[in-house]
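*Asks:* Pasting in a structure now, in structure tokens, and then I'll have a few things to ask.
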Amino acid sequence: MAEKEEDVLLIGAWASPFSRRVEMALKLKGVPYDYSDEDYLVTKSPLLLQLNPIYKKVPVFVHKGKVLLESHLILEYIDQTWTRNPILPQDPYGKAMARFWAKFVDEQVTLIGFRSLVKSEEIDVAIKEAQELITYLEKEITGKMFFGGETIGFLDMVVGSMIPFCLVRGWEGMGIDMIPNEQFPELNRWIEKIKEIEIVRECIPNREKNIEHMMKIVGRIKAASKTA
Amino acid sequence: MGLISDEYVRLLGAWPSPFVLRTRIALNLKRVPYEYLEEEDSLNSESVLNYNPVHKQIPILIHGNKPIRESLNIVMYVDETWLSGPPILPSDPFDRAVARFWDVYIDEHCFTSINGVAVAKDEEERKAAIAKLEMCMALLEETFQECSKGRGFFGGDNIGFIDIGFGSMLGPLKVLEKFTGVKFIHPETTPGLFHWVDRFYSHEAVKPVMPDIEKLVEFARLKKHTTSSLDT
């Protein structure tokens, strides 16, 4: 491990939206960090198991020897510790809304839009259900440049890492056009906008590799549901 | 309906819900005056649907006309809005993240284990769920020792985020103890937690709103006959 002023280590995975969003935050704030990649579909490194014995998941964030888990918590820690380019709103209500929608994306949208959808026998129904949820996000972004307002913030990083640069790849692999422009003009506009930002672009996994990776996960989910 | 002041606070809740309890303890701690509205049937309530169309769930805090949803979000909102009362979360960013982590753990593991025992279809499933819950208790005992540092609560000298998050689960836990005969919090295996329970129950912010255990047991019994889970 190299010695850096800030002494930050991120254990992540190239395909994980959870660790990618942490990288976005670190880059936005100009925080230098060491990075260790886990190919978590294959194996878990001893370092990961040592630092995260409970969950054995990425991201694991280490700052001056202190270990933090859970991407949302890591993002807020980063925001409070390195205060330039704030990513959360200052007011408590704005914070509460950002936290609410972040949880909604990571829990409901990934469940209905991906994990359940993959196992569904009525794919059209599953797609409609997922689109109903995504419509909430369409409403949230309407009239705003970014979820964070004039500049990208916490929610842009959460939604960005999860939807366009992760779930969409899975949907592409399955031949599903989940967020067509006619139905989600604002969301698509926002996606084009965030892709223009360099620090976001640096955190987008390679498209082909990502589709392949997501299809592996699809395979696993289907296999698991058959043995259940 | 007249004009609602920006400062007016309402809480939509249900008395058996541990999630609602969290928000009431937080409001009490900060001495925030609020109107409490009992929503017996949240899935069919117009107010609940109006303020939380996404999840259709309580608790919902309505401050002025701003709805805040999800118990931990509400507790944080209360902490960040009413600054004159005792702090619920620590000010140090790392300690904050640790406190929040444990409440995430409590919701994702403890609460689901409590449910797991309640809805277990056979003895094998039940045993597995009980074992999981016992593991959660062991971990929380460790956490209590680390966080309290010899003082009375996870939050130190006063109740904090973890106390509120876990303390609100004591009702469902005690109900489970009655139904299974298993003691999850025990003076020998979890001494820290064991003594913490009484301290938590006696706290002035908790005592007036903690539901009566017998009423909870009765509620759980009724619910078991109609549905098969102890969820909110």
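The values are calculated or read from the model by the stated rules, or taken from the named source; none is laboratory data. The model shown is predicted, which means the values in this text are computed figures rather than measured ones. For neighbour counting, all protein chains shown are included, and Cβ atoms are generated from backbone atoms with ideal geometry for every residue, glycine included.
*Asks:* Taking A:I54 and the conditions (1) facing chain B (nearest Cβ under 9 Å); (2) buried (at least 18 other Cβ atoms within 10 Å of the Cβ), which numbered condition does it fall short on, given that it satisfies the others?
*Replies:* (2)
*Asks:* In region B:68-80, which residue that is at the interface with chain A (Cβ under 10 Å from one of its Cβ atoms) and assigned to a helix (DSSP H, G or I) is farthest from the chain's Cα centre (by Cα)?
*Replies:* We begin by selecting, within region B:68-80, every residue at the interface with chain A (Cβ under 10 Å from one of its Cβ atoms); these are B:68-70, B:72-74, B:76-80.
Adding the requirement that they be assigned to a helix (DSSP H, G or I) leaves B:72-74, B:76-80.
Numbers: B:L72: 9, B:N73: 12, B:I74: 12, B:M76: 13, B:Y77: 15, B:V78: 15, B:D79: 16, B:E80: 19 Å.
Residue satisfying both the conditions and the ranking: B:E80.
*Asks:* Could I ask something else about it? Taking B:L83 as the residue in question, decide whether it is more than 9 Å from every other protein chain (Cβ to nearest Cβ) and either assigned to a helix (DSSP H, G or I) or in contact with a strand residue (DSSP E or B) (Cβ under 6 Å, 6 or more places away or on another chain) (or both).
*Replies:* Details: more than 9 Å from every other protein chain (Cβ to nearest Cβ): yes; either assigned to a helix (DSSP H, G or I) or in contact with a strand residue (DSSP E or B) (Cβ under 6 Å, 6 or more places away or on another chain) (or both): no.
So B:L83 fails the test.
*Asks:* Can you name every residue in region A:56-110 that is free of Cβ contacts under 8 Å to residues at least 24 places away in the same chain and either part of a helix (DSSP H, G or I) or touching a Cys at 6+ places or on another chain (Cβ under 8 Å) (or both)?
*Replies:* If the condition is that a residue be free of Cβ contacts under 8 Å to residues at least 24 places away in the same chain and either part of a helix (DSSP H, G or I) or touching a Cys at 6+ places or on another chain (Cβ under 8 Å) (or both), then A:L73, A:Y77, A:Q80, A:T81, A:P92, A:Y93, A:G94, A:K95, A:A96, A:M97, A:F100, A:E107 are the ones that fit.
*Asks:* Among the residues that make up region A:27-50, is at least one of them out of contact with any Ser or Thr (no Cβ under 8 Å at 6 or more places or on another chain), among the aliphatic types (A, V, I, L, M), within 13 Å of chain B (Cβ to nearest Cβ) and buried (at least 18 other Cβ atoms within 10 Å of the Cβ)?
*Replies:* No, region A:27-50 contains no residue that is out of contact with any Ser or Thr (no Cβ under 8 Å at 6 or more places or on another chain), among the aliphatic types (A, V, I, L, M), within 13 Å of chain B (Cβ to nearest Cβ) and buried (at least 18 other Cβ atoms within 10 Å of the Cβ).
*Asks:* Also: Consider B:V104 carefully, then state whether it is at pLDDT below 95, within 14 Å of the chain's Cα centre (by Cα) and closer than 25 Å to B:M137 by Cβ.
*Replies:* yes
*Asks:* With A:V8, A:V22, A:V31 as the choices, which residue is in contact with a Gly (Cβ under 8 Å, 6 or more places away or on another chain), among the β-branched types (V, I, T) and either modelled with pLDDT of 95 or more or within 22 Å of B:V78 (Cα to Cα) (or both)?
*Replies:* A:V22
*Asks:* Has region A:19-31 got any residue that is closer than 17 Å to A:S161 by Cβ, in contact (Cβ under 8 Å) with a residue 24 or more places away in the chain and assigned to a strand (DSSP E or B)?
*Replies:* Checked against the condition, which is being closer than 17 Å to A:S161 by Cβ, in contact (Cβ under 8 Å) with a residue 24 or more places away in the chain and assigned to a strand (DSSP E or B), region A:19-31 yields no hits at all.
*Asks:* Of all the residues that make up region A:57-74, how many are away from chain B (no Cβ under 11 Å) and either surrounded by fewer than 19 Cβ atoms within 10 Å (Cβ to Cβ) or in contact with an Asp or Glu (Cβ under 7 Å, 6 or more places away or on another chain) (or both)?
*Replies:* Counting residues in region A:57-74 that are away from chain B (no Cβ under 11 Å) and either surrounded by fewer than 19 Cβ atoms within 10 Å (Cβ to Cβ) or in contact with an Asp or Glu (Cβ under 7 Å, 6 or more places away or on another chain) (or both) gives 1.
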